[in-house]
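Just below is one structure, and these are the notes that go with it.
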Amino acid sequence: MGQVLPVEFSDGEVREIERQAAAEGRSLQEYVRETLMTAVTSRAQQRATVLDHVLEASAGLNERLAR
């Protein structure tokens, strides 16, 4: 069994989450878990893209500075 992650939502947020889960025909737990993991994965991919861009720019700058 996994760990419990204590997160608090307002009543309105819970109603919206429940509404979305029901609209997709999924359990609340399944919906919340997948939504959070999708967000985490997306953020990690965005961060990797930004870091790749910074590394590319830095390599070009370092090359010009070395001349």
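The values are calculated or read from the model by the stated rules, or taken from the named source; none is laboratory data. None of the values given here were measured: they were computed from a predicted structure. Please note that ligands, DNA and RNA were not included when accessible areas were found on the heavy atoms of the full protein model with its side chains. Shrake-Rupley method; radii C 1.70, N 1.55, O 1.52, S 1.80 Å.
List of remarks:
- Three principal axis extents describe the C-alpha atoms of the chain; from largest down they are 61, 27, 21 Å.
- Rounded to the nearest 10 degrees, the angle from helix 11-23 to the longest Cα principal axis of the chain is 90 degrees.
- Its DSSP H runs of at least 4 residues, each contributing -39,500 (n - 2.57), put the calculated 222 nm mean residue ellipticity of the chain at -27500 deg cm²/dmol, to the nearest 500.
- For the chain, the solvent-accessible area with a 1.4 angstrom probe is 92 square angstrom per residue.
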